[in-house]
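Working notes, structure below.
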Amino acid sequence: MRKSLFYVLIFLTSVVCHNAEAKVKQQPVYMFGFATSFVDSIAYITEIQLIDSAYVDTKTTFLIGRSGYSMEFQDYLDKNENCKHPVTSILFGKKKEKMEKRRLSLIQRYEKDFKLKTVAYSFHPESYIAQEKKESKAVTKTSKKSSK
């Protein structure tokens, strides 16, 4: 009796753990970038772009590699727009109409306090494996700095 109860518990635990596991799915998303700098009075915004090979976590609906997209945009602004230390945000969604509303809302909110500048930047999607390698390297660098 105890053995059968033990096996039932093991089976149920494995089923629950399997369902809790997040799945990463490649799907098209629309995205745009927005950046501000506390040193400058200019806010930067990109046009809405279709990224047809983005990876999305199906459980949380988070964009995988969003920090990489944000860092790419930050590097672009630093090199090409002379914007030092920008705070970047990447906004994404499945529907272009919804993204247009979000972009317009951001423009209306920030045009009062900032001079808005549209930049011609295009995001470059990477494979899921490359994104995972970058994120693991970033975690390793952070842990090494904190241990010193």
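Numbers for the structure displayed
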item	result
Number of positions in segment 25-58 that are buried (at least 21 other Cβ atoms within 10 Å of the Cβ), out of contact with any helix residue (DSSP H, G or I) (no Cβ under 7 Å at 6 or more places or on another chain) and over 20 Å from K98 (Cα atoms)	0
Segments classed as helices (runs of 4 or more DSSP H), wholly inside segment 39-148, with at least 2 members that are at pLDDT below 90 and either in contact with a Pro (Cβ under 7 Å, 6 or more places away or on another chain) or among the charged types (D, E, K, R) (or both)	128-147
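The values are calculated or read from the model by the stated rules, or taken from the named source; none is laboratory data. Please read all numbers here as calculations on a predicted model, not as lab measurements. Every residue, glycine among them, receives a Cβ derived from its backbone with ideal geometry; neighbour counts consider all protein chains shown.
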